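The values are calculated or read from the model by the stated rules, or taken from the named source; none is laboratory data. As the structure is a computational prediction, the values presented were derived from the model and not from experiment. Here the Cβ positions follow ideal geometry from the backbone for every residue, glycine too, while neighbour counts run over all protein chains shown. To get the accessible areas, we keep the full protein, side chains included, count just its heavy atoms, and leave off ligands, DNA and RNA. Shrake-Rupley method; radii C 1.70, N 1.55, O 1.52, S 1.80 Å.
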Amino acid sequence: NAGVTQTPKFRILKIGQSMTLQCTQDMNHNYMYWYRQDPGMGLKLIYYSVGAGITDKGEVPNGYNVSRSTTEDFPLRLELAAPSQTSVYFCASSYSRVRGLSNTGELFFGEGSRLTVL
Amino acid sequence: KNQVEQSPQSLIILEGKNCTLQCNYTVSPFSNLRWYKQDTGRGPVSLTIMTFSENTKSNGRYTATLDADTKQSSLHITASQLSDSASYICVVYGGTYKYIFGTGTRLKVLA
């Protein structure tokens, strides 16, 4: 199993450009997340998805968009890149039961995508 | 406000020595607490999980403790190795999608 795979690992953008960070997981997890990690800060949730076709905003969604057309894929779109979006982005997934038994909520992370906006 | 605070921010120790990292949290509801290890340039990887009723859990040279009354956790690393150099992140899970991350402790182990 590959786990959570993110591409690209590194990217430099000019202000105003757009791009998509790709994320795919092969663990059949229902929950997927996008976080950003800035120096000296805890990971901040950008968007999350509880299943195909369902997405919702996290703490810092402005300037980003997501889609979840399949269980496996959860791309993050940056429109009109700004220097404030310079960060390391992590995609993660977890399995959560809708009801019934509790779940451990373990997060599985990708290797990260380092984005610089100049 | 849901918060997870970690100390120290950074730590340098000699190979073979022990160390303890601290985590204080004010998160509600509380489902469990995890310690993650993040190597430089990599994604975080789970080390241990502590539920409300657990006090201590070990994973090799890593031992985590949890005091749910005082809302404190610690991660003790025994006989440190160079490969332990990493950031250690305390994460409180509040259920469904709610994860509250600490800012991490950056550990450097010197030969």
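Let me check something: with ligands and nucleic acids excluded, how do A:F10, B:F30 order by accessible area (1.4 Å probe), largest to smallest?
My answer, sorted largest first, is A:F10, B:F30.
At 1.4 Å probe radius, can you tell me the per residue accessible area of the protein assembly as shown in Å²?
I get 50 Å² per residue for this part.
Sum up the charges of everything whose Cβ sits under 13 Å from the Cβ of A:D38, counting Lys and Arg as +1 and Asp and Glu as -1, but leave A:D38 out.
+2
Where Lys and Arg each count +1 and Asp and Glu each count -1, what net charge lies around B:A64 among other residues with Cβ under 13 Å from its Cβ?
Net charge around B:A64: +2.
Over chain A, what is the percentage of antiparallel beta bridges among all DSSP beta bridges, to the nearest 5?
90 percent
Given contacts defined as C-alpha pairs under 8 Å and at least six residues apart, what's the relative contact order of the stretch A:1-100, whole-number percent?
Relative contact order comes out at 34 percent.
With only alpha-carbon pairs counted, each pair once and no self-pairs, how large is the Kirkwood hydrodynamic radius of the protein assembly as shown in angstroms?
So the Kirkwood estimate lands at 18.2 Å.
Do you know which residues of the stretch B:62-97 lose at least 50 square angstrom of accessible area in the protein assembly compared with their chain on its own, with a 1.4 angstrom probe?
The answer is B:Y97.
Is there a pair in A:K9/B:K1; B:K17/B:K98; B:K71/B:K98; A:K44/B:K71; A:K9/B:K57 whose C-alpha atoms are over 29 Å apart, and which pairs would that be?
Check vs 29 Å cut-off fails for A:K9/B:K1; B:K17/B:K98; A:K9/B:K57.
Please report the net charge: other residues with Cβ closer than 11 Å to the Cβ of B:A79, K and R +1, D and E -1.
0
Considering only the protein assembly as shown, what is the antiparallel percent among its DSSP beta bridges, to the nearest 5?
Percent antiparallel among DSSP bridges in the protein assembly as shown is about 90.
Roughly how big is the A-B contact, given as buried accessible area in Å² (both sides, 1.4 Å probe, nearest 100)?
Between A and B, the summed buried area is about 1600 Å².
Please list B:L11, B:L66 in order of solvent-accessible area, largest first, computed with a 1.4 Å probe with all protein chains present.
B:L11, B:L66
What order do B:D84, B:D39, B:D69 take when sorted by accessible area (1.4 Å probe), most exposed first?
Of B:D84, B:D39, B:D69, the descending order of accessible area is B:D69, B:D39, B:D84.
Using a 1.4 angstrom probe and counting only protein chains, how large is the accessible area of B:S87 in Å², to 10?
Number for this one is 20 Å².
Using a 1.4 Å probe over the heavy atoms of the protein chains, calculate the carbon and sulfur portion of the accessible area of chain B as a whole percent.
49 percent
Just A:L107, A:L76, A:L21 to compare: in a GNM of chain A, with alpha carbon springs under 10 Å, which one fluctuates most?
Evaluated over chain A, the most mobile residue of the options is A:L107.
Say we join alpha carbon atoms closer than 10 Å with springs in a Gaussian network model of chain A; which of A:G51, A:G42, A:G63 then has the biggest fluctuation?
Answer for the Gaussian network model of chain A: A:G42.
Return, in residue-number order, each cysteine of the protein assembly as shown whose C-beta is not under 4.7 Å from any other cysteine's C-beta.
Result for the protein assembly as shown is B:C19, no neighbouring Cys Cβ within the cutoff.
In the stretch B:37-55, which residues give up 30 Å² or more of accessible area once the other protein chains are added, compared with their chain alone (1.4 Å probe)?
Checking the loss per residue gives B:Q38, B:R42, B:G43, B:P44.
Roll a 1.4 Å probe over the protein heavy atoms and report the accessible area of A:E106 in Å², nearest 10.
About 60 Å², rounded to the nearest 10.
Pick from A:P61, A:P39, A:P83 the residue whose mean-square fluctuation is largest in a GNM of chain A, springs joining Cα atoms under 10 Å.
So, out of A:P61, A:P39, A:P83, the one fluctuating most is A:P39.
Would you mind giving the mean number of other chain beta-carbons within 10 Å of the Cβ of each residue in A:105-115, as a whole number?
5
Would chain A count as rounded, prolate or oblate if I go by the C-alpha gyration tensor, calling it rounded below 1.5 in a/c and otherwise prolate when a/b exceeds b/c, oblate otherwise?
prolate
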